[in-house]
1. Taking A:Leu51 as the residue in question, decide whether it is open to solvent by 60 Å² or more (accessible area, probe 1.4 Å) and among the hydrophobic types (A, V, I, L, M, F, W, C).
2. Which condition number in (1) closer than 16 Å to B:Arg215 by Cβ; (2) more than 10 Å from every other protein chain (Cβ to nearest Cβ) is the one that A:Lys111 fails?
3. Could you list, in sequence order, the residues of region B:303-320 that are within 15 Å of the chain's Cα centre (by Cα) and open to solvent by 50 Å² or more (accessible area, probe 1.4 Å)?
4. Name the residue that is nearest to the other protein chains (Cβ to nearest Cβ), counting only residues in region A:44-97 that are among the acidic types (Asp, Glu) and in contact (Cβ under 8 Å) with a residue 24 or more places away in the chain.
5. Among the residues of region A:245-262, is there at least one that is assigned to a helix (DSSP H, G or I), charged (D, E, K, R) and either more than 30 Å from A:Lys10 (Cα to Cα) or at pLDDT 85 or above (or both)?
6. Taking only region B:237-256 into account, find how many residues are surrounded by fewer than 19 Cβ atoms within 10 Å (Cβ to Cβ) and either outside the structural domain of B:Phe360 (by TED's automatic domain parsing) or not β-branched (Val, Ile, Thr) (or both).
7. Would you check if there is a residue in region A:38-53 being closer than 26 Å to A:Val196 by Cα and assigned to a strand (DSSP E or B)?
Amino acid sequence: MIVEVKNLVKRYKDVLAVDNVNLNIQEGEIFGLLGPNGAGKTTTINVLTGLSKADGGEIKISGRNLNTHEMEIKQDLGIVPQDIAVFEDLTAYENLCYFARLYRLKGPLLKERVEEALEFTGLTEKKDIYPKKFSGGMKRRLNIACAIMHHPKLIILDEPTVGIDPQSRNHILESIKKLNQLGSTVIYTSHYMEEVDEICTKIAIMDHGRVIAKGTGDELKAFVAVDEKVTAELASVNYTIVDNIKKIRGVKDCSINGKQLVVVSEKHSKNLGSIINAISDTDTEILSLNAEKPTLEGVFLTLTGRKLRD
Amino acid sequence: MGILNISYYTFLKNIRDWKYVALLIIAPLVTIMITGYSTSNIDKHTLTTKKVIAVYIEDKGDISDKFNTLLKSPDVKNAFDIRFESSYNDGYNMVLYGKADTFIYLGKGLSKSFNSSGNSGIKVYSDNSVPAAKLLVEGFENSLNTINAISGIKSKPVIADVPNAVNEVSVQPIGKTPSGLDRWTYLNMLIFLFYGALLGSFGVINGVRKNTLLRFNIAPIGRYSNVTGQFLGNLLTLFLCSAVTIIASRLLFGSNWNGNIVLILLSFLFYSSISISLGMIFGYISRKISLCTVVILCVNVLFVNATNALSPDVGFFKYVNIVSPHNYVYKAITNTVFSGADSKSLASVAALAIEAILLFVLTAAAGRRRTA
């Protein structure tokens, strides 16, 4: 177990930001902390990294208590903060050298690690450029590079893809997977459930400072009753299709809106083939077909009664 | 390692910012050029003290007219402060009560007496046996080719061989009194270097605003490493700026730095330290750039105006000067450069050192808070 959090409590005056949170993160996992803004994700991360003092509970990282072994634990942590934290008056290379030295890297090893981080984040060509001339995505990548030079055992990324283009987002997500393959455990916080669903091996959903569910993505989706939905764009309208489809096992509802057919089934009903056959039997051409599986958004909606981005 | 690393990169960031270089080196040199040169001639005249001579001319003859003309000549007016009195007693009392250095009396019938006997009888009254005005009278009498008669209030008349002309010229000793240029060189440097406090404020506030402070708080370095490293980086920047300004003012304008250079540099080192500490403390407390700028401006104006260069060391200013680093540096420089009084200069440097240490302790205390 690389991270053990027991009954963590953190208050800001009268506001209970983190309320009795318990987390266990295994070595080698990509652990997703999912929740809306204000759910307590960043506060939890701040306490884990020693930026804030906990008001209650116990935190152990690599088996060491955070209160008594803060310096050793910090040496093993790599943190990518939510906001970009680089000096704009220093080049990308100088920024990396500056922060690498804070982790006691020096000499040839320092140079090697800086070059490696630049290569990893695809910034080698831009190393002598000041970050103020970087795009948002490049700044985010530099932000990540600053956190990985000392080869940390545990990397914490706090919403690293906020406000960037899809290309940079994909690059960052790929980088996270690669870091994990290289042996680092990753804690990834986000309110983008698709990202968490894509890269995380374990997920905890937070709301109002509490962990309301945790498990793998599939476990969470199975945990709640969420319907499956199939939407088909038809070449022509034939209302006998609706009657035929309603007879299929697991179908809860079927309707036609213009040329769009919408079929709602119980979860795990595995009836997509039967639905397609029912349409084909009426000689109606299918222009497009979309099968929606349960999502983490749906899980969150079921658990809290509101959408994740509300 | 951590502290030196932070100091180095803080220094690197500072010197790359042209705004700091403009504020800390170019601005003081430009103002030294303007204020220094414009005041250097004014100061030269106001610093000379003229002897006061009281004169009463009772006689109405040609000799008295000639003497009156001599007193009104430019050379004599430049050398003496001539006060024409309305009676013998008024003139005599001027000397008696210390309001004048000398009283010159030309009695009734003096011209007539001179023309008949060749004896002028001009009387010079003074408590000084060889008053400066005596030379004036003797020169005048010699020019009339006569023998004088001089009476002293407390001594016997003094008769001496004297030159034919009197022309006392005030001479300002080089390097013994601050010229306008020197004074404004020191003041302008103090004014602008104090704005170096903004280096400290901006460093602290930008660290919070741009999240870079977070990198230090999550790194395995001591709680005081960041604040000490930033302090040293800013101190190095400001001290180098002061050294460059000293050299440039000397080479470009000829400002006087001919004192004990170690004491001068030490005073600027501690002064820079005080500025940076104050800036960092304001930054940690307020977290607002505009507020820091206004506070630093006000403190600077108060301290500059309280210095002995601009105000007498009395009343309110006397109390301000107890804590004013500006005044201690000014005294340290003027004592070593113009009086050669290195011991007095050292006392001022010691006061600066104590103030610098106290403020650094406060800076460290203010900067050790966690920031999340």
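1. Working: open to solvent by 60 Å² or more (accessible area, probe 1.4 Å): no; among the hydrophobic types (A, V, I, L, M, F, W, C): yes.
Criteria not met by A:Leu51.
2. A:Lys111 satisfies all of (1) closer than 16 Å to B:Arg215 by Cβ; (2) more than 10 Å from every other protein chain (Cβ to nearest Cβ) except (1).
3. We begin by selecting, within region B:303-320, every residue within 15 Å of the chain's Cα centre (by Cα); these are B:303-313.
Across region B:303-320, the qualifying residues are B:Asn305, B:Asn308, B:Leu310, B:Pro312, B:Asp313.
4. Taking region A:44-97 and keeping what is among the acidic types (Asp, Glu), we get A:55, A:58, A:70, A:72, A:76, A:83, A:88-89, A:94.
Narrowing further to those that are in contact (Cβ under 8 Å) with a residue 24 or more places away in the chain: A:55, A:58, A:76, A:88-89.
On the way: A:Asp55: 13, A:Glu58: 19, A:Asp76: 9, A:Glu88: 7, A:Asp89: 4 Å.
The extreme case among them is A:Asp89.
5. Going through region A:245-262, the residues assigned to a helix (DSSP H, G or I) turn out to be A:245-246.
Checking which are charged (D, E, K, R) leaves us with A:246.
Now drop any that are not either more than 30 Å from A:Lys10 (Cα to Cα) or at pLDDT 85 or above (or both), which leaves A:246.
Looking for residues that are assigned to a helix (DSSP H, G or I), charged (D, E, K, R) and either more than 30 Å from A:Lys10 (Cα to Cα) or at pLDDT 85 or above (or both), one finds at least one in region A:245-262, hence yes.
6. Qualifying residue count, region B:237-256: 8.
7. Taking region A:38-53 and keeping what is closer than 26 Å to A:Val196 by Cα, we get A:38-52.
Narrowing the set further to residues that are assigned to a strand (DSSP E or B) leaves none.
The answer is no; no qualifying residue exists.
To keep it simple, each residue is scored yes or no on (1) at pLDDT below 90; (2) exposed (fewer than 15 other Cβ atoms within 10 Å of the Cβ); (3) within 14 Å of chain A (Cβ to nearest Cβ).
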residue	(1), (2), (3)
B:Leu269	no, no, no
B:Ile274	no, no, no
B:Ile281	no, no, no
B:Ile322	yes, yes, no
B:Pro325	no, no, no
B:Ile357	no, yes, no
B:Arg369	yes, yes, yes
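The values are calculated or read from the model by the stated rules, or taken from the named source; none is laboratory data. Nothing here was measured: the structure is a model prediction, and the numbers come from that model. Reconstructed Cβ throughout: ideal geometry from the backbone, glycine too, with neighbour counts over all protein chains shown. These accessible areas exclude ligands, DNA and RNA; they are computed on the full protein's heavy atoms, side chains included. Shrake-Rupley method; radii C 1.70, N 1.55, O 1.52, S 1.80 Å.
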